[in-house]
Amino acid sequence: MSELVLSAVDQGVLTLTFNRPETLNAWTDAMGRRYFDLLEEAERDPAVRAVVVTGAGKGFCSGADFKTLNAIQTGAYDEKPDPRPNTFPTSIAKPVIAAVNGACAGLGMVHALVCDLVFTAEDAKWTTAFPRRGLVAEYGLSWVLPRIVGQQRAMDVLLSGRVFTGREAYELGLVNRAVPGDGVVAAAQEYARELAAHSSPASMSVIKRQVWRDWDVTLEESAKTAAQEMLASFGRPDFAEGVASFLERRPPNFPAL
């Protein structure tokens with residue numbers, strides 16, 4: 001049996017590849033467990049400073065596997081679910097970048113949008129698909145999507161279940177960058193290498209936590225917490241190295257997280 005998620009590290013960047021190309025990388029509990037295990041390992045690995053997630057073949061993730069959906073429908077599904085939620089990547093202390101290389105549907109779209117940044121191929125096909133399968137907005141997508149693109153655009157994408165391209169995803173503000181052809185993985189990796197080389201791992205960890213958490217707090221609460229985090233950052237070696245590298249006009253050499 002082939003690896004359900006491929007893993008490779010280069011220049012501080014871990015690339016994880018969903019590896020069920022015959023199904024356009026349809027999501028299964030086994031694939032999800034392996035993906036989350038690798039994210040946990042990446043968080044502990046000092047050699048990893050950023051993560052890129054993509055799919056093998058022509059798809060990123062085409063949604064939940066239809067065999068799973070059929071088993072749920074018939075009452076035959078008895079696999080114990082992973083206790084980690086589908087929003088798990090938001091809790092990882094290192095930046096996670098989705099490189100959507102192809103079909104991105106339903107649960108696949110959820111997993112793209114709970115990454116910290118999203119790059120897409122211009123011709124990748126995106127869809128929520130939910131209303132066309134008699135389903136609802138899954139796993140917090142009704143919370144994430146309006147915050148990214150606004151309520152009206154979120155309603156369009158969720159209610160219609162229509163297919164749209166990576167180029168439109170960029171125009172909607174859904175993704176950070178749309179890349180021509182098959183260059184999306186390379187573009188995401190290049191960006192991740194910039195983070196690995198120039199951004200403090202400690203700073204990125206705190207900033208990621210601030211951004212995901214602060215959606216739920218007031219401006220006053222956010223500012224208060226930020227002041228505390230800033231005081232803490234003054235005592236870290238990352239701050240001393242950041243200032244020294246700037247004054248000495250050299251690349252920083254930040255410690256691992």
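Points to keep in mind about this one:
- Count of the stretch 228-253 residues which are over 20 Å from residue 196 (Cα atoms) and among the small types (Gly, Ala, Ser): 2
- Members of the stretch 12-35 found to be modelled with pLDDT of 95 or more, open to solvent by 10 Å² or more (accessible area, probe 1.4 Å) and of a type in the set (Gly, Ala, Ser), listed by number: 12
- Filter result for the condition that a residue is in a helix (DSSP H, G or I) and not acidic (Asp, Glu), over 146, 85: 146
- Tally of residues being touching a helix residue (DSSP H, G or I) at 6+ places or on another chain (Cβ under 7 Å) and more than 29 Å from residue 88 (Cβ to Cβ) across the stretch 199-250: 1
- Count of residues meeting criterion [closer than 28 Å to residue 209 by Cβ and either of a type outside the set (Ser, Thr, Tyr) or open to solvent by less than 50 Å² (accessible area, probe 1.4 Å) (or both)] in the stretch 127-147: 10
- Yes/no for residue 50 being closer than 17 Å to residue 163 by Cα, among the aliphatic types (A, V, I, L, M) and surrounded by 21 or more Cβ atoms within 10 Å (Cβ to Cβ): no
- Residue that is least open to solvent (accessible area, probe 1.4 Å) [pool: residues in the stretch 1-11 that are aliphatic (A, V, I, L, M) and either out of contact with any helix residue (DSSP H, G or I) (no Cβ under 8 Å at 6 or more places or on another chain) or in a helix (DSSP H, G or I) (or both)]: 8
- Condition met for residue 84 (surrounded by 15 or more Cβ atoms within 10 Å (Cβ to Cβ) and at pLDDT below 95): yes
- Just so you know, in the stretch 27-65 the residues that are of a type in the set (D, E, K, R) and assigned to a helix (DSSP H, G or I) include one that is farthest from residue 108 (Cα to Cα), and it is 44.
- Of the candidates 147, 249, the single residue that is within 21 Å of the chain's Cα centre (by Cα) and of a type in the set (Lys, Arg) is 147.
- Single condition residue 138 does not satisfy, out of (1) touching a Gly at 6+ places or on another chain (Cβ under 8 Å); (2) closer than 21 Å to residue 62 by Cβ; (3) modelled with pLDDT of 95 or more: (3)
- Residues of the stretch 235-250 that turn out to be of a type in the set (Phe, Trp, Tyr) and within 17 Å of residue 201 (Cβ to Cβ), as a count: 1
- Residue 158 vs. criteria part of a helix (DSSP H, G or I), more than 19 Å from the chain's Cα centre (by Cα) and surrounded by 16 or more Cβ atoms within 10 Å (Cβ to Cβ): yes
So that you can scan it fast, the table gives a plain yes or no per residue for (1) aliphatic (A, V, I, L, M); (2) under 18 Å from residue 17 (Cβ atoms):
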site	(1), (2)
102	no, yes
108	no, yes
123	no, no
135	yes, no
160	no, no
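- Enumeration of residues in the stretch 114-134 that are in contact (Cβ under 8 Å) with a residue 24 or more places away in the chain and closer than 17 Å to residue 162 by Cβ: 120, 123, 124, 125, 126, 127, 128, 129, 130, 131, 132, 133
The values are calculated or read from the model by the stated rules, or taken from the named source; none is laboratory data. Just so it is clear, the model here is predicted, and its values are computed rather than measured. Neighbour counts run over all protein chains shown; Cβ positions are idealised from the backbone, glycine included. Accessible surface is based on the protein model in full, side chains and every heavy atom, while ligands, DNA and RNA are left aside. Shrake-Rupley method; radii C 1.70, N 1.55, O 1.52, S 1.80 Å.
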